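Here is the structure we will look at, set down as structure tokens.
The values are calculated or read from the model by the stated rules, or taken from the named source; none is laboratory data. Predicted, not measured: the structure shown is a model, and the values here were computed from it. Backbone-built Cβ (ideal geometry, glycine too); neighbour counts: all protein chains shown. For accessibility, only protein heavy atoms count, side chains too; no ligands or nucleic acids. Shrake-Rupley method; radii C 1.70, N 1.55, O 1.52, S 1.80 Å.
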Amino acid sequence: MKQIGTEHLGLIASLCQAGRLAPEMARLAESAATDAAPIIDRLAAQRERHQLRLLSAFHDCRVSDYHLGVTTGYGYGDSARDTLDQLFAAALSAQSALVREQFVSGTHAIATALFGVLRPGDELLAATGRPYDTLWEVIGLGDEPAEGSLREFGVGYDQVELTTDGVIDLPALLDRLRPATRLVLFQRSRGYSLRPSLSSQAIGEACEAIHSLRPDVVCFVDNCYGELVEAEEPTTFGADLMAGSLIKNLGGGLAPTGGYIAGREEWVRRAATRLTAPGIGAHVGSSPGGRRLYFQGLFLAPQVVFEALAGAVFAARLFERLGFAVTPSYDAARSDIIQAITLGSAERVVAFCQGLQKACPVDGHVIPQPAPMPGYADPVIMAGGTFIQGATSELSVDAPMREPYAVYFQGGLSQTFVRIGALSAAQTLLERGLLPGDLSSS
């Protein structure tokens with residue numbers, strides 16, 4: 001614990017000496033680093049457990065050097081593809097997994113899973129309120145559903161709001177199950193909301209209750225941002241299927257693209273058929289670029305997730321001390337890597353994002369501005385000069401330009417980099433006179 005604190009106090013001093021941090025901000029940052037140190041120490045113990053578990057999975061799956069090479073064409077008999085699927089299934093405590101670079105995003109993987117399960121006349125029931133913005137078009141929400149949406153294919157939709165405390169309203173959820181309900185959707189992370197992220201155990205308890213009444217209902221989890229954050233995944237507690245992106249947690253900062261679907265073998269098989277074609281499923285798909293980065297990224301994922309969480313703990317404490325509302329608080333239990341910070345005005349949101357961008361290794365000279373984004377209901381501002389475009393496993397912040405004007409801060413290949421980014425954002429707010437109070441009294 002002392003080593004962690006000393007290391008980052010040295011960083012703060014260096015930033016101050018270089019003129020990149022005001023002395024009063026440096027004093028506050030030192031206090032935040034000291035407060036964060038014991039929390040980070042506890043996170044390190046979990047990282048080590050995950051690393052040991054993954055190492056055992058690599059041994060059990062007999063990963064070899066020839067799995068790291070390229071394949072072409074149809075990819076018939078590609079043992080690397082099959083081994084990578086087995087590894088992800090083991091990492092996620094699932095019967096089966098489908099891991100493909102052909103998934104262009106987490107939304108694509110989620111959509112593939114939904115279309116694999118749902119049929120015309122079925123109903124999708126969202127257990128966590130309105131889903132993340134990019135899923136609205138997939139489902140077909142709004143007056144005019146998007147072309148090719150679930151709604152256009154005759155799939156119904158309903159939703160149950162979380163309680164005022166941000167937890168699953170289980171009585172209301174069970175009451176809303178109808179004969180047509182085929183799939184219940186859980187969004188593990190907070191998305192663009194200030195509600196708490198959901199723990200794997202809470203999702204599992206809801207799945208158990210649903211299955212006790214309706215064993216035929218598929219419990220599906222949007223698992224983006226949540227992998228390896230807790231000791232166990234939702235599949236351990238009874239979720240049937242889940243999906244996510246490889247440029248988030250499980251790609252370890254190395255996977256250049258792709259996504260995964262994992263869960264019960266029947267539902268993964270149906271998703272594979274949707275991704276490719278009936279009769280083909282998961283049995284084809286080559287990798288002309290090779291799969292080394294996917295194997296290596298998964299192996300490094302426990303460390304990368306730890307670094308992101310450690311950075312988020314510091315950022316939470318820093319902005320808490322600056323007078324902003326944060327969720328989760330720095331010492332709270334976490335079930336995703338996202339740190340939400342409510343800034344309260346559009347001007348502060350823009351300043352925060354521009355400040356963080358200045359600390360990025362790629363495009364550090366760029367000045368982010370809010371703009372319309374495909375799949376999002378409001379203009380969005382995004383910051384993060386990443387080596388992989390849009391990789392939230394590296395370091396990024398994004399925010400919809402709407403009340404209550406919160407930023408969603410996630411990722412970081414090293415906690416040192418996350419701290420530099422958070423301090424750059426805070427310093428920019430200070431320089432523009434946008435802090436809520438007198439810094440000397442914080």
Handout entry: Matching entry among Ala426, Ala406, Ala399 (being farther than 28 Å from Gly258 by Cβ, in contact with a strand residue (DSSP E or B) (Cβ under 7 Å, 6 or more places away or on another chain) and open to solvent by less than 30 Å² (accessible area, probe 1.4 Å))
Key = Ala406
Handout entry: The lone exception for Tyr132 - which of (1) touching a Ser or Thr at 6+ places or on another chain (Cβ under 7 Å); (2) over 30 Å from His283 (Cα atoms); (3) of a type in the set (Ser, Thr, Tyr) it fails
Key = (1)
Handout entry: Members of the range 272-286 that are under 15 Å from Tyr260 (Cα atoms), in contact with a Ser or Thr (Cβ under 9 Å, 6 or more places away or on another chain) and part of a loop (DSSP other than H, G, I, E, B)
Key = Gly285
Practice task
State whether one or more residues within the range 104-119 are without any contact (Cβ under 8 Å) to a residue 60 or more places away in the chain, surrounded by fewer than 17 Cβ atoms within 10 Å (Cβ to Cβ) and out of contact with any Phe, Trp or Tyr (no Cβ under 9 Å at 6 or more places or on another chain).
Solution key: no
Practice task
Kindly provide the set of residues from the range 232-244 that are touching a Ser or Thr at 6+ places or on another chain (Cβ under 6 Å), crowded, with 24+ Cβ neighbours inside 10 Å and in contact (Cβ under 8 Å) with a residue 60 or more places away in the chain, ordered by number.
Solution key: Glu233, Thr235
Problem - Residues satisfying the stated conditions in the range 213-231, i.e. open to solvent by 20 Å² or more (accessible area, probe 1.4 Å) and touching a Leu at 6+ places or on another chain (Cβ under 9 Å) - result: Leu213, Arg214
Exercise for the section: Give the range 14-23 a look and list any residue that's out of contact with any Pro (no Cβ under 7 Å at 6 or more places or on another chain), assigned to a helix (DSSP H, G or I) and open to solvent by less than 70 Å² (accessible area, probe 1.4 Å), or say none. Expected result: Ser14, Leu15
Exercise for the section: Take Arg432 and decide whether it is crowded, with 19+ Cβ neighbours inside 10 Å, out of contact with any His (no Cβ under 6 Å at 6 or more places or on another chain), modelled with pLDDT of 95 or more and not hydrophobic (A, V, I, L, M, F, W, C). Expected result: no
Practice task
Filter the strands (runs of 3 or more DSSP E) completely within the range 121-196 down to those with at least 1 residues that are touching a Leu at 6+ places or on another chain (Cβ under 8 Å), open to solvent by less than 30 Å² (accessible area, probe 1.4 Å) and under 21 Å from Glu403 (Cβ atoms).
Solution key: 181-187
Problem - Candidate set from the range 69-103 (those that are outside any helix (DSSP H, G or I), β-branched (Val, Ile, Thr) and more than 18 Å from the chain's Cα centre (by Cα)); member that is surrounded by the fewest Cβ atoms within 10 Å (Cβ to Cβ) - result: Thr72
Practice task
Collect the residues in the range 252-273 that are at positive phi and out of contact with any Asp or Glu (no Cβ under 7 Å at 6 or more places or on another chain), keeping them in residue-number order.
Solution key: Gly252
